[in-house]
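The values are calculated or read from the model by the stated rules, or taken from the named source; none is laboratory data. The shown structure was predicted, so the numbers you read here are calculated from the model rather than taken from an experiment. So basically every Cβ, Gly included, is an ideal-geometry build from the backbone, and we count neighbours across all protein chains shown. For accessibility, only protein heavy atoms count, side chains too; no ligands or nucleic acids. Shrake-Rupley method; radii C 1.70, N 1.55, O 1.52, S 1.80 Å.
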Protein chains: 2
Amino acid sequence: METLSKTFWIFDVNQPMPATLKDIAQKVGKSVTTVSRALHDYDDVSPETKALVRQAASELGYIPNILAQRLQKQRTDTLGFILPTFGPRFSDPFFSEFLAGIGNKATELGYDILVATRPPGEEELQAYRDIVQSYRVDGFIIVRTRRKDCRIQYLLETGFPFVAFGRTENAGPYPYVDEDGEYGMRLVVRHLARLGHRRIAFIGAPEDLMFAHCRKAGYLQGMEEAGLPIEASLITTGDLTQRGGYEKALQLLDTSPPPTAIAASNDLMALGAINAAQSRGLEVGRDIAITGFDNIPLAETSHPPLTTVHQPIYQIGHMACEMLVGIITGAQPHPESILLKPSLIVRQSCGVRVAA
Amino acid sequence: METLSKTFWIFDVNQPMPATLKDIAQKVGKSVTTVSRALHDYDDVSPETKALVRQAASELGYIPNILAQRLQKQRTDTLGFILPTFGPRFSDPFFSEFLAGIGNKATELGYDILVATRPPGEEELQAYRDIVQSYRVDGFIIVRTRRKDCRIQYLLETGFPFVAFGRTENAGPYPYVDEDGEYGMRLVVRHLARLGHRRIAFIGAPEDLMFAHCRKAGYLQGMEEAGLPIEASLITTGDLTQRGGYEKALQLLDTSPPPTAIAASNDLMALGAINAAQSRGLEVGRDIAITGFDNIPLAETSHPPLTTVHQPIYQIGHMACEMLVGIITGAQPHPESILLKPSLIVRQSCGVRVAA
DNA sequence: ATTGTAGACCAAAACGTTTTGGATGTCAAC
DNA sequence: GTTGACATCCAAAACGTTTTGGTCTACAAT
């Protein structure tokens, strides 16, 4: 570790003193009130004055002081986003894309974002309480909902605005955006069944996660629809990581007879499963079919490319953000929740027809 | 897409009207000034009064109004973070971890974060200008510095506080945190050379990126140190994605004689290279050595696990954030820049000794 | 002449904090 | 009994906006 011996940068801001409403008022010889109202296009200001004021404002390079506006309106123009995760080294391909979605929309709408990560549990809930009580944000975006979700309960109780990405089981109606994971997983199973697979294994995820629960329900339904028996030995639960998928897939490959297809609850585990199959000398897409869920960028470039279910995570971020701002500003106090129907992305990892 | 027929959630905030300094002042029969100063532990307030005020404050559940504080201090308590990226579907494993690093530190220090993404170029710079001029943030965190970096130039010119993750070539000294990529890549090449490799190929990245430039320089130096000839045909440039690494690796494998080792500029490309080698029937770690750089979470669970150079991205985020806040608050107006010495993580993808 | 109305404007309050520049009282030193 | 030092306190200004609750003028209707 090296340190500079001498440093020279200077952080004296070189910008001109910003103009205020008062400056404009002085310049045009009107009151601050009139100037403010002129700039907001109120109709108790004469057209001439408006023109005058606008002219002066642009000459002085007037930019409203956001802090004063916020104090006056008692709004922070900030949205809270707490990612539930254990430790810093989480590998959630969602995060970047989803946050980019809400971030860009938020910037567009003039909002900031308060980002934090907390492990699910008491510490997490306390973070919500702290932020709510200190009025740091105008609303929250909740991700990775759980079947019993104390965050949603808390926010509903306090009446604090939020939008969730995902549904939950233990709370009345609330605004959310979600993708129909049950339907998506049914698409997967149906596709595999049509290709001739009968022993379709499933790598699920901890079922307190709402989406994991839905996807598993989809698997079960899909199997039933296809008239296939459900075997406990073909159903496992992973931890959503690539390593977890690897391990669970090895386990599944050891059952006899082994499954001819593995449907994973997410892409990361599917990628691990592909590695597992390959390490057993199987050719994925020929000897075994493996599918994922999410359609993360890596899915397209894996080898073989992964058959999966698309989840438009960036757009979901956009929608959630827009919905939340609608609630906060009162434009859409009770927006309609959105449930997206996903589509199947067929790539090579599921192969073609199985030799019966 | 389904819509709810009826919605019931209510966003009337259920919280008690928050107490203000005035309320406390009334309760204890002192002035607002004294209350404020008591809570800030000024020494022109008697211990008795302080106790009284603190008691009352906690009884009333006083929480300072952050907006009023910000207006008064003329500070936003917000840090700007604009990720340079093309399109929403970027797959930057850094992003999540780095942002978690700055996010958690920022929350700890009472700061919010304004997040956005912009493609590098004019639009990006305009975003910086807009945000600076509207006083939306107190400082910026810059990532993925470029050899000629207009963001850094602009911020230095205007004297606006920032900290960069990465160095640049076209600006005087400024505060940064960086990892010595040159050194890291030298470690890689040295290690490969010691294992007996002589034809070590390199997959670089666009050289306008400062880190890419450094890593390539490290490769060249490492080769020279090892007394190995540098062959133009063994040096390529990828786009940092897995797919890019895949394609470039295929290309490299087609040279004759082919390289016995491929050092990629980042892990994602290395993972692609592993796929490429495998698609040619090579066993990575035996028939060919492949190394990455970054030590992203995926590197550990790939097959084979990836030899790479560790970059403590979360901690770098932490440091950058802390440094920036130091600059903003004036506690550390001229912090020492930090250059971290990386360490090599040897896993199976580089194999052991090469059969000469 | 009075009343009403509409158009144009604005002083002051409000948002809740921090800081400035004293004021007041007490006690010791001279 | 004056002076200075110290401890304690506070009114008012400041931050820059938006909103409230008007006023004033001109002109038309009565």
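For the reader, a short list of remarks on this structure follows.
- Any chance B:T168 is more than 22 Å from A:E97 (Cα to Cα) and polar (S, T, N, Q): yes
- Options B:T291, B:T260: the member that is among the polar types (S, T, N, Q), touching a Ser or Thr at 6+ places or on another chain (Cβ under 9 Å) and over 24 Å from A:F86 (Cα atoms): B:T291
- In the stretch B:28-110, counting only helices (runs of 4 or more DSSP H) that sit wholly within it, the ones holding 1 or more residues that are within 16 Å of DNA strand C (Cβ to nearest atom) and over 27 Å from the mean Cα position of the chain (by Cα) span B:32-39, B:47-60, B:66-73.
- The one condition in (1) of a type in the set (A, V, I, L, M, F, W, C); (2) in contact (Cβ under 8 Å) with a residue 40 or more places away in the chain; (3) surrounded by 19 or more Cβ atoms within 10 Å (Cβ to Cβ) that A:I63 fails to fulfil: (3)
- Of the candidates B:L4, B:L52, the single residue that is modelled with pLDDT under 65, open to solvent by less than 100 Å² (accessible area, probe 1.4 Å) and of a type in the set (A, V, I, L, M) is B:L4.
- Selection from the stretch A:301-325 of residues that are among the small types (G, A, S) and modelled with pLDDT of 95 or more: A:G317, A:A320
This table checks each residue for (1) near DNA strand D (Cβ under 10 Å from one of its atoms); (2) over 25 Å from A:T78 (Cβ atoms).
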site	(1), (2)
B:L21	yes, no
B:A25	yes, yes
B:T33	yes, yes
B:A57	no, no
B:Q69	yes, no
B:Q72	yes, no
B:R75	no, no
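- Matching residues, the stretch B:35-55, being more than 9 Å from DNA strand D (Cβ to nearest atom) and closer than 26 Å to A:Q72 by Cβ: B:L39, B:H40
- Answer residue from the stretch B:168-206, given it is among the charged types (D, E, K, R) and within 14 Å of chain A (Cβ to nearest Cβ) and is farthest from B:L340 (Cα to Cα) among those: B:E182
- Entry remark, the stretch A:78-89: residues being open to solvent by 20 Å² or more (accessible area, probe 1.4 Å) and either outside the structural domain of A:R136 (by TED's automatic domain parsing) or on the phi < 0 side of the Ramachandran plot (or both) number 3 in total.
- Look at (1) open to solvent by less than 40 Å² (accessible area, probe 1.4 Å); (2) under 30 Å from A:Q26 (Cα atoms); (3) not hydroxyl-bearing (S, T, Y) and you find that A:L71 fails only one, number (1).
- If the condition is being facing chain A (nearest Cβ under 7 Å) and closer than 30 Å to A:K73 by Cβ, then the stretch B:98-116 contributes B:L99, B:G103, B:N104, B:T107, B:D112, B:I113, B:L114, B:V115, B:A116.
- Note on the stretch B:16-36: residues that are within 29 Å of B:D112 (Cα to Cα) and open to solvent by 80 Å² or more (accessible area, probe 1.4 Å) amount to 4.
- Cβ-Cβ under 8 Å pairs, at least 6 apart or on other chains, the stretch A:36-55 side of a type in the set (S, T, N, Q), far side open to solvent by less than 90 Å² (accessible area, probe 1.4 Å) and assigned to a helix (DSSP H, G or I): A:S36/A:L21; A:T49/A:V28; A:T49/A:T34; A:T49/A:A38
- As a summary of the residue check, B:L240 satisfies the conditions (1) on the phi > 0 side of the Ramachandran plot; (2) within 14 Å of chain A (Cβ to nearest Cβ); (3) open to solvent by 50 Å² or more (accessible area, probe 1.4 Å) except for the one numbered (3).
- Filtered residue count, the stretch A:186-223, keeping only those that are more than 24 Å from the chain's Cα centre (by Cα) and open to solvent by 50 Å² or more (accessible area, probe 1.4 Å): 5
- A Cβ distance below 6 Å, combined with a sequence gap of six or more or placement on separate chains, defines the contacts here; from the stretch A:152-165, residues that are more than 9 Å from chain B (Cβ to nearest Cβ) reach residues that are in a loop (DSSP other than H, G, I, E, B) and of a type outside the set (A, V, I, L, M) in the pairs A:I152/A:T168; A:V163/A:P175; A:A164/A:T145.
- Any hit, the stretch A:120-127, residues being among the charged types (D, E, K, R), more than 16 Å from DNA strand C (Cβ to nearest atom), in contact (Cβ under 8 Å) with a residue 40 or more places away in the chain and within 21 Å of A:P312 (Cα to Cα): no
- Evaluation of A:F95 against (1) open to solvent by 60 Å² or more (accessible area, probe 1.4 Å); (2) facing another protein chain (nearest Cβ under 7 Å) (one fails), failing number: (1)
- Residue match in the stretch B:307-330 (condition: without any contact (Cβ under 8 Å) to a residue 60 or more places away in the chain and hydrophobic (A, V, I, L, M, F, W, C)): no
- Remark: A:K50 falls outside the filter, which requires a residue to be closer than 30 Å to A:I327 by Cβ and more than 8 Å from every other protein chain (Cβ to nearest Cβ).
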